[in-house]
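Report on the following structure.
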Amino acid sequence: MRVSETEPGVRTEVEICNMKGLHARASAKFVKLASAFDAQTYVIKDDTRVDAQSIMGLLMLGAGIGTVIGIEAEGPQAEEAVAALAELVNNRFDEDA
């Protein structure tokens, strides 16, 4: 994971590595985790930036296996949020064996 501190937040990039990509169940897990932090969190794919707490926004990205997404956060728990969300993606949303 590459974490960079940018004004005013934190950002990293991760590759979607689970077989089904960022589908409904994975998006629900992502939203639930993003909502647990005191931070504004976002997911970026290509030129599209969506609120990480919006399941519809995440689904709209169409992020399949092999897609690289950016995870950004601003706020008191930005660093923790980005690290936890990146770990969730890297762990394949706890879905694949």
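Annotations for the structure displayed:
- Pairs with Cβ under 8 Å, 6+ apart, first in region 38-66 and in contact (Cβ under 8 Å) with a residue 40 or more places away in the chain and on the phi < 0 side of the Ramachandran plot, second outside any helix (DSSP H, G or I) and surrounded by fewer than 13 Cβ atoms within 10 Å (Cβ to Cβ): Ala39/Pro76; Ile65/Met19
- Subset tally (residues that are out of contact with any Ser or Thr (no Cβ under 6 Å at 6 or more places or on another chain) and either closer than 18 Å to Ala83 by Cβ or in contact (Cβ under 8 Å) with a residue 60 or more places away in the chain (or both)) for region 5-37: 23
- Among residues of region 1-12, those that are at pLDDT 70 or above and part of a strand (DSSP E or B), counted: 3
- The residues in region 10-49 that are within 20 Å of Asn90 (Cβ to Cβ) and in contact with a strand residue (DSSP E or B) (Cβ under 7 Å, 6 or more places away or on another chain) can be counted, and the count is 14.
- The strands (runs of 3 or more DSSP E) found entirely in region 13-97 that carry 3 or more residues being at pLDDT 95 or above and surrounded by 16 or more Cβ atoms within 10 Å (Cβ to Cβ) are 40-45, 68-74.
- For first residues located in region 73-97 and within 22 Å of Gln40 (Cβ to Cβ), partners that are at pLDDT 95 or above and of a type in the set (Asp, Glu) and lie 6+ apart or on another chain with Cβ distances below 8 Å form the pairs Ala73/Glu79; Gly75/Asp38; Pro76/Asp38; Gln77/Asp38; Val82/Glu72; Val89/Glu15.
The values are calculated or read from the model by the stated rules, or taken from the named source; none is laboratory data. All values reported here derive from a predicted model rather than from experimental measurement. All Cβ positions, even for glycine, are placed from backbone atoms using ideal geometry, and neighbour counts span all protein chains on display.
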